[in-house]
Amino acid sequence: MVYSIPVLAVIGHKNSGKTTVLEGLVVELKKEGFNVASAKHVSKKDFTFDIEGKNSWRHSKAGANPVILVSDNEVVIKIRDGISTVSLGLLMEIAVENGAHVLVLEGFSDIVLKDKKVGKIICIRNKEEYDEYTKRTEGQILGFCSIKPFEEKILNTKDSILFIMKNVISFIEKTQKTIEIHKQLAGLDCRRCGKTSCWELAESIFNEESKLEDCFVLEAKSKLKTMLKVGNTEVPLQPFVAEIIQKTILGLVSTLKGVKIKGDEKIYINIT
Ligand code: SF4
């Protein structure tokens, strides 16, 4: 998935103090000048914002999806089937469209625990949960906190943010710079650079261990030629148009099942 803004997640079991931590996080991020979007996963089964019998409920019942409620003060979008249809990509898209610099999540453990690009703050209630999350989490843990801290390294939920902010800001700055580098790479995730993804190369460039030129496709691209023929007639292409065709076709083809773009192939499209 392509990341457009840094994502932080406050995760933990029920009643572990997640909302208190998230509140503090939003307040401190706002003080630092960031526009913050947040999303909360409601784990309660059959939860709905809607009220049976209300007009919006009737729209939904009639089959409309999504149902969008617009008042003078708020817009609420009700998308059917909840978390099974909402991806992190969609949440980022909504956040960016509304001017957010950072997206903060409450919950969504299943989505973010193994996602190395998400910075995590973990709320725990006991040593067992500390061990559990330490074992299961991949990527950067920005801090552990607990309503009743049981060890020195575990922060108190109420003041945790003040102690974690340094980690949070450095995570956001690192991610923002990595996103900028990632945008300059070819974005095919073809592994020709020896990394598992373009994001991994972007991180390596951020850490000054690699260079943009290590992107094989980017290098090959400068030598690539795009030719468009209609019948036997070659259509002259402006460099700008040639690049659009090249990017569009490579992007499209690379997503197809069974296709592995190495960056040095010839692609023929025959439309009759
Ligand atoms: S060679 Fe370029 S396009 Fe391929 S994975 Fe590496 S950075 Fe991405």
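Every number in this text was worked out from the coordinates using simple rules, so none of it is lab data. Note that the structure is a prediction, hence the values are computed from the model and not measured. We place every Cβ from the backbone using ideal geometry, glycine too, and count neighbours over all the protein chains shown.
Between the beta carbons of residue 140 and residue 35, assuming R0 = 30 Å, the FRET efficiency works out to 0.85 to the nearest 0.05. Three principal axis extents describe the C-alpha atoms of region 132-191; from largest down they are 48, 25, 13 Å.
For region 65-188, the dipole from Cβ point charges (+1 on Lys and Arg, -1 on Asp and Glu) about the Cα centre works out to 340 debye, to the nearest 20.
Which of 252, 69, 212 moves most in a GNM of the chain, Cα contacts under 10 Å? With Cα springs under 10 Å in the chain, the top fluctuation among 252, 69, 212 is at 69. Only beta bridges with both residues in the chain are counted; by DSSP, about 25 percent of them are antiparallel. Calculated [222 nm] ellipticity per residue, helices only, for the chain: -11500 deg cm²/dmol; basis is -39500 (n - 2.57) per DSSP H run with n ≥ 4, divided by all residues, nearest 500.
Each distinct pair of alpha carbons in the chain adds a 1/r term; the inverse of their mean, the Kirkwood radius, is 21.9 Å. Between 0 and 90 degrees, the angle of helix 160-184 with respect to the longest Cα principal axis of the chain falls at about 10 degrees. Among 20, 85, 137, the largest mean-square fluctuation in a Gaussian network model of the chain (Cα springs under 10 Å) belongs to 85.
Take region 185-254, drop everything but the C-alpha atoms, weight them equally and run the Debye formula without solvent; then report log10 I(q)/I(0) at 0.24 Å⁻¹ to two decimals. With one equal scatterer per Cα and no solvent, log10 I(q)/I(0) is -1.05. Taking 53, 194, 119 as the candidate residues, the one with maximal mean-square fluctuation in a Gaussian network model of the chain, Cα springs under 10 Å, is 53. Select from region 37-126 those GluC sites (Glu not before Pro) which occupy a DSSP coil region and have at most 14 other Cβ atoms within 10 Å, ordered by residue number. Here the GluC sites (Glu not before Pro) that fit, given the DSSP loop and packing criteria, are 52, 74. Here is the list for region 25-126: chymotrypsin sites (Phe, Trp or Tyr not before Pro) lying in DSSP coil, each with at most 14 other C-beta atoms within 10 angstrom of its C-beta, are 47, 49. Against the chain, whose longest principal axis comes from its Cα atoms, helix 88-97 is set at around 90 degrees. Scan region 177-272 for GluC sites (Glu not before Pro) in coil per DSSP, keeping those whose Cβ has at most 16 other Cβ atoms within 10 Å, and list them by number. Those that pass, being in a loop and sparsely packed, are 208, 209, 265.
What percent does the relative contact order of the chain come to when contacts are Cα pairs within less than 8 Å and at least six residues apart?
Normalised by residue count, the contact order of the chain is 19 percent.
Compute the FRET efficiency between residue 44 and residue 240 as 1/(1 + (r/R0)^6), taking r as their Cβ-Cβ distance and R0 = 45 Å, and round to the nearest 0.05. Calculated transfer efficiency: 0.30. Residue-wise HN-Hα couplings along region 109-124, as the Karplus relation 6.51 cos²θ - 1.76 cosθ + 1.60 with θ = phi - 60° gives them from phi, are 3, 4, 7, 9, 3, 9, 8, 5, 7, 9, x, 10, 10, 10, 9, 10 Hz; Gly and Pro carry x.
Expressed to the nearest 5 percent, the antiparallel share of DSSP beta bridges inside region 19-175 is 25 percent. Between the residues 231, 185, 217, the greatest Cα displacement towards the positive end of the dipole of region 185-254, with unit charges on the Cβ of Lys, Arg, Asp and Glu, is found for 231.
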